[in-house]
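Undergrad: Sharing a structure, written as structure tokens. Questions coming.
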Amino acid sequence: VTEDGEPVVFTARNDGLVNSYNPVMLLAWRANVDMQYCVSRRKVVEYVAKYATKCEPRSQTMKQVFATIAKSLSDDSTSLKAVQKLLINSVGERDYSAQETCHLLLQLPMFKASRDFIVLSLDGSRAVEERLDEDQPATAPAALDHYAARPDTQHFNDMTLLNFVQQHSMPKELGSEPNRRRKNIVVIVRPYCPPDPSGPKYEQYCQQKLMLHVP
């Protein structure tokens, strides 16, 4: 029993430097084995948490990437080729953990939340359409566009932009009546402007508040 009162199982060994092992697993694995028994709920939680949060080997640092590229280039290589290789090895790649890989392969959701979220852009930015038909704009209407083209009724005229986005899903066409959501969602306003009167973005912060809360 440890100082914390946790039970520990020590298997019989003929040498103190030999790890605890299981003969059947050792014959099957044919490599180093350190057999630890989880004999309490706390030990199970610690074991699962340890491997669930275990970091993967990190990718190369920028210094190592530069060194690898420099070795692969010849004396007559252009600077453009070096920049292209740098972009391929840095911007075009990222590290995937074992947990993320398993979720992607099993088509499992990457996160779970009790609330739905939507990003509301107030700087005029819009998403780019993936598939375009003839005479179709290259960008999709934003929530701000749908709010400006909302139906001309008493209900929608008195509704603020924040309530409009929280309570309704955006229709496919401008001017169409939006469908009511089953439950309100959390609105994340972008760009973020701190409410600091002495800050450089305080005027933009006040403008955002007027846009959100005044119909």
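Undergrad: Quick one: what pairs do we get from region 151-180, first residue in contact (Cβ under 8 Å) with a residue 24 or more places away in the chain, second open to solvent by 60 Å² or more (accessible area, probe 1.4 Å) and in a helix (DSSP H, G or I), C-beta under 8 Å, 6+ apart or different chains?
TA: Cβ pairs passing all conditions: 160/213; 161/213; 162/213.
Undergrad: For region 38-45, does any single residue satisfy the condition of being touching a residue at least 24 places away in the same chain (Cβ under 8 Å) and among the charged types (D, E, K, R)?
TA: Within region 38-45 (the criterion being touching a residue at least 24 places away in the same chain (Cβ under 8 Å) and among the charged types (D, E, K, R)), the answer is yes, since at least one residue qualifies.
Undergrad: Still on this structure: Within region 1-86, considering only helices (runs of 4 or more DSSP H) that don't extend past its boundaries, which have at least 1 residues that are open to solvent by 90 Å² or more (accessible area, probe 1.4 Å) and farther than 30 Å from residue 103 by Cβ?
TA: 23-29, 62-72
Undergrad: For the condition at pLDDT below 85, out of contact with any Asp or Glu (no Cβ under 8 Å at 6 or more places or on another chain), of a type in the set (Gly, Ala, Ser) and farther than 30 Å from residue 182 by Cα, what is the one hit in 52, 28, 98?
TA: Sole residue among the options that is at pLDDT below 85, out of contact with any Asp or Glu (no Cβ under 8 Å at 6 or more places or on another chain), of a type in the set (Gly, Ala, Ser) and farther than 30 Å from residue 182 by Cα: 52.
The values are calculated or read from the model by the stated rules, or taken from the named source; none is laboratory data. All values derive from a computational prediction rather than experimental measurement. Backbone-built Cβ (ideal geometry, glycine too); neighbour counts: all protein chains shown. Keep in mind that these areas ignore ligands, DNA and RNA; they rest on the heavy atoms of the full protein, side chains included. Shrake-Rupley method; radii C 1.70, N 1.55, O 1.52, S 1.80 Å.
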